[in-house]
Amino acid sequence: MNKTLFSALAALCLATSAAQAEAITVLVEGGGHSLQQAAADAFTKETGIEVNFVEVPYQGVFDKLTAEIASGTSNYDVATIDVVWNAAFASHVEDLSDLFTDAVKADIPPALLADATVGGKLIAMPAWANAEIVFYRKDLWEDPANQAAFKAQYGYDLVPPANWQQWRDMAKFFTKDGMFGTDVIGATSEEWMAEVLQAGSPGVILDDAGQVILDNQAHIDALQNYRAPLCEDKSAPDNALEINWGEAQNLFYQGQIAMMKFWAHAYKMTPEDSKIAGKVGVAPMIGGSAGVAGIPGPWYNVIPSTSQHKDAARQFIAFAIAHNALGIEAPLGLAATNSAYASYTDKPGYEHFGPLLATLSAPASKGRPINEHYQELVDEAVMPAFQGALECEDNVAQLLQDAAATARDILGQ
């Protein structure tokens, strides 16, 4: 429990007594319910206000909230939404700026605060956040024979990779004995987008003014680098276009790749019967010329303007962020605040929290564009160029120029 934050918010948001108790309903994606249940139980005990969760599949959150807004009435007092929907719902949810006290702001990574801000208002409170970090085989990295051979070949110590060149070197070094050094995910573009930020771009796809920057030099450099293990080094499986998160995870668990970039929560989910159980090491996301950078994956609590219990909803959101560490004991084990993660970093089994917090808080880390056309931009402009580049022809700059033209047409620029 973060008692300092709770005390700061208590006078503002916990004035409701047991005699005034009511119930609120929270719309949430199926996997996210458990991350908020402990806070909800503690909130009910403190205030007498019951918290009922309605769990639906991922897309169902968007569809149900959209339908409720269209109807003008709502069964939901709080909705927990993916960051990519913040822009779409911004004009249909309450302004939560007053809940972001100085203490709250100081405890939330800057990238998450930025993603909560739409039209100059803080419309969403982070519930939990994730980011990709580096996963590697400790047994391979700590093997004296590998350490000696690597240093003899590359001239520096075999340590967890921290930058682009080290990633490529180590991927090449461990491509042997029927194993690849790493993977290249071609079914989603987030890993490449992280490298765009590492290359110093002011944003991915769009800049802060909403202008298309898909064809800037950082996007080009990052895509050239991202595809290098596949196209130049041959240190990744050649079926990149068929590899999504799940496929990459399985390759690592089966001992077919030596390292991967993956969402931090997976650290505690390594199957006990996996070939690599007990052998997994973690490190912050790699960095480029701008340093370490990742694309956060946060979910936010918002209050629909159609909510029938807005005061109670605000109390719950304030309570949940003040007690954000309670979600860490859930199976996914995620939180959103610096203090929540820091309170677990020294505990066995939570070795991934240090790298995760370092990645979330890195100055170059930044979210995806808060733009209501984001998914259209990805589907129509980004993915064709990204996947075209993974065919390994010398056409990255042209592909991104074409993608930028498509994106500008979508946005009317």
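The values are calculated or read from the model by the stated rules, or taken from the named source; none is laboratory data. Because the structure is a prediction, the values reported are computed rather than measured. Every residue, glycine as well, gets a Cβ built from its backbone with ideal geometry; the counts of neighbours run over all protein chains shown. Protein only, heavy atoms only, side chains kept; ligands, DNA and RNA dropped before computing areas. Shrake-Rupley method; radii C 1.70, N 1.55, O 1.52, S 1.80 Å.
Just one of the listed residues (LEU223, LEU241) is within 26 Å of ALA403 (Cα to Cα), surrounded by fewer than 17 Cβ atoms within 10 Å (Cβ to Cβ) and aliphatic (A, V, I, L, M), and it is LEU241.
Scanning the stretch 153-183 for residues that are of a type in the set (A, V, I, L, M, F, W, C), closer than 22 Å to ALA240 by Cα and out of contact with any Asp or Glu (no Cβ under 8 Å at 6 or more places or on another chain) yields TRP167, MET170, PHE173, PHE174, MET179, PHE180. Would you check if there is a residue in the stretch 301-320 being modelled with pLDDT of 95 or more, open to solvent by less than 10 Å² (accessible area, probe 1.4 Å) and in contact with a Lys or Arg (Cβ under 7 Å, 6 or more places away or on another chain)? The answer is yes; a qualifying residue exists. The residues listed here are LEU122, LEU96, LEU113; of these, the one that is more than 26 Å from PRO284 (Cβ to Cβ) and surrounded by fewer than 20 Cβ atoms within 10 Å (Cβ to Cβ) is LEU122. So in the stretch 254-278, with the set limited to residues that are touching a Ser or Thr at 6+ places or on another chain (Cβ under 9 Å) and part of a loop (DSSP other than H, G, I, E, B), which one is nearest to VAL134 (Cα to Cα)? Only one residue tops the list, namely ALA258. For the stretch 60-163, give me every one of the helices (runs of 4 or more DSSP H) that falls completely inside it and has 2 or more residues that are of a type in the set (Phe, Trp, Tyr). The qualifying helices (runs of 4 or more DSSP H) are 144-154. For LEU251, the conditions (1) under 19 Å from ALA171 (Cα atoms); (2) touching a residue at least 40 places away in the same chain (Cβ under 8 Å); (3) more than 19 Å from the chain's Cα centre (by Cα); (4) part of a loop (DSSP other than H, G, I, E, B) all hold with the exception of (4). All conditions in (1) of a type in the set (D, E, K, R); (2) more than 20 Å from the chain's Cα centre (by Cα); (3) at pLDDT below 95 hold for LYS279, with the sole exception of (3). Scanning the stretch 20-48 for residues that are within 26 Å of the chain's Cα centre (by Cα), open to solvent by less than 30 Å² (accessible area, probe 1.4 Å) and not polar (S, T, N, Q) turns up VAL26, LEU27, VAL28, GLY32, LEU35, ALA39, ALA40. Close contacts from the stretch 337-350, counting a first residue that is free of Cβ contacts under 8 Å to residues at least 24 places away in the same chain and part of a helix (DSSP H, G or I) and a second that is open to solvent by 30 Å² or more (accessible area, probe 1.4 Å) and β-branched (Val, Ile, Thr), with Cβ to Cβ under 8 Å and a gap of 6+ residues or different chains, come to none at all.
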